[in-house]
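Everything on this sheet refers to the single structure shown next.
The values are calculated or read from the model by the stated rules, or taken from the named source; none is laboratory data. In this text the structure is predicted, and so the values were computed from the model without any measurement. Positions of Cβ are generated from backbone atoms using ideal geometry, with glycine treated the same way; all protein chains shown enter the neighbour counts. Just the protein is used for accessible areas: all its heavy atoms, side chains included, with ligands, DNA and RNA removed. Shrake-Rupley method; radii C 1.70, N 1.55, O 1.52, S 1.80 Å.
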Amino acid sequence: MHNTQLVDPFGRRITYLRLSVTDRCDFRCTYCMSEDMVFAPRAQILSLEELYAVADAFIGLGVKRIRITGGEPLVRKNLLSLLNRLGERPELDDLAITSNGSQLAEMAPQLRAAGVKRLNISLDSLQRERFAAFTRRDKLDQVLAGIEAARAAGFAKIKLNAVVQKGRNDDEVLDLVEFAMARGLDISFIEEMPLGSISSHQREQTFCSSDEVRQRIEQRYELVRSSKLTGGPSRYWQVVGSDTQVGFISPHSHNFCGDCNRVRVTAEGKLVLCLGHENALDLKGLMRAHPGDSQRLRAALLDALQLKPERHHFETDEQVQVVRFMSMTGG
Ligand code: SAM
Ligand code: SF4
């Protein structure tokens with residue numbers, strides 16, 4: 001009998017796909033992109049039909065959760081048509097989006113109606129000037145309005161994501177936690193990853209560990225470990241006496257690799273088996289050479305999974321090892 005589930009050589013079952021729908025973005029966050037970022041020509045980006053074909057192949061192989069990301073996914077034209085189709089797939093337990101929030105004031109109700117269950121919204125600072133320095137765009141008010149619109153639209157979960165940098169926003173950790181608590185949101189703090197070569201700062205000088213962030217929070221709030229496991233680099237803690245969970249995303253500690261349950265597909269259709277490795281399979285080439293051949297696509301995914309590495313090796317003090325930017329891979 002043919003193998004119909006995605007299991008890698010280390011026995012890890014893949015149930016979670018992160019699908020990037022564009023490498024473009026209306027922000028230029030300093031840790032993610034350069035100001036003069038060159039984006040892929042449109043012909044190199046998967047069409048909405050191809051994106052659906054990829055998602056369909058993964059769903060057929062047992063994937064239960066899909067997160068749509070980018071770049072900024074909400075700048076992709078006609079994204080709703082893709083979401084509407086995915087929202088109708090009963091096999092999916094979860095359809096989620098990671099967004100910078102800039103388009104949410106307008107789009108939140110449509111996303112909810114399309115069947116998106118959970119939203120992650122990036123927010124690194126509550127201070128206008130700092131926000132503008134992080135994103136190179138003066139759009140804090142727009143993002144805050146987007147967060148309110150998302151709350152009103154009734155998503156099952158909304159989580160904020162903040163990259164923490166020493167000397168830049170590490171003193172805002174408690175403010176961000178309180179912002180989340182006051183609105184019944186979860187929040188994750190992210191250690192910066194060495195993805196892509198950047199010129200705006202030296203990553204090792206601004207590196208702020210999850211342990212430090214947690215200690216700052218524990219100066220004011222009691223945190224207890226949550227039982228929630230994601231199969232990813234996040235660990236969650238409950239703020240005692242509130243609904244808010246605080247997550248810490250620490251890609252630098254590789255102990256989460258052992259229960260990794262995910263793969264990524266870039267906007268250009270490359271299957272990335274591990275965020276910390278360069279090896280990738282060109283799904284676009286395969287789909288364009290054999291349009292509509294879903295059997296071949298599934299077989300390629302099953303084969304590719306045999307190449308999933310056991311773990312990554314991120315080190316801040318070594319040269320950039322992964323030349324892809326996060327916006328290309330999808331965060
Ligand atoms: N544009 C959307 C957003 O900002 O939420 C989705 C894509 S973005 C690449 C996804 C997440 O990756 C964001 O929360 C962002 O802060 C994070 N990110 C980008 N570059 C990063 C890096 N070098 N290290 C850690 N996180 C990064
Ligand atoms: Fe755009 Fe998100 Fe990257 Fe910021 S982190 S530049 S919002 S893709």
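Restricted to the range 22-42, and to residues there that are of a type in the set (Lys, Arg) and either assigned to a helix (DSSP H, G or I) or open to solvent by less than 40 Å² (accessible area, probe 1.4 Å) (or both), the residue that is farthest from ligand 1 (Cβ to nearest atom) is Arg42.
Scanning the range 48-71 for residues that are touching a helix residue (DSSP H, G or I) at 6+ places or on another chain (Cβ under 8 Å) and within 16 Å of ligand 2 (Cβ to nearest atom) yields a count of 3. Condition first: within 15 Å of ligand 2 (Cβ to nearest atom) and either open to solvent by 20 Å² or more (accessible area, probe 1.4 Å) or at pLDDT 95 or above (or both). Now tell me which residues in the range 166-196 satisfy that. Correct list: Arg168, Asn169, Ser188, Phe189, Ile190, Met193. Selection over the range 59-82 of residues that are surrounded by fewer than 20 Cβ atoms within 10 Å (Cβ to Cβ) and of a type in the set (Ser, Thr, Tyr) gives a count of 1.
Just the residues that are touching a helix residue (DSSP H, G or I) at 6+ places or on another chain (Cβ under 6 Å), open to solvent by 10 Å² or more (accessible area, probe 1.4 Å) and closer than 27 Å to Thr15 by Cβ, please, taken from the range 115-143. Gly115 - this is the single residue of the range 115-143 that is touching a helix residue (DSSP H, G or I) at 6+ places or on another chain (Cβ under 6 Å), open to solvent by 10 Å² or more (accessible area, probe 1.4 Å) and closer than 27 Å to Thr15 by Cβ.
For Gly292, state whether it is in a loop (DSSP other than H, G, I, E, B), away from ligand 2 (no atom under 16 Å from the Cβ) and at pLDDT 80 or above.
On the way: in a loop (DSSP other than H, G, I, E, B): yes; away from ligand 2 (no atom under 16 Å from the Cβ): yes; at pLDDT 80 or above: yes.
Yes: the conditions hold for Gly292.
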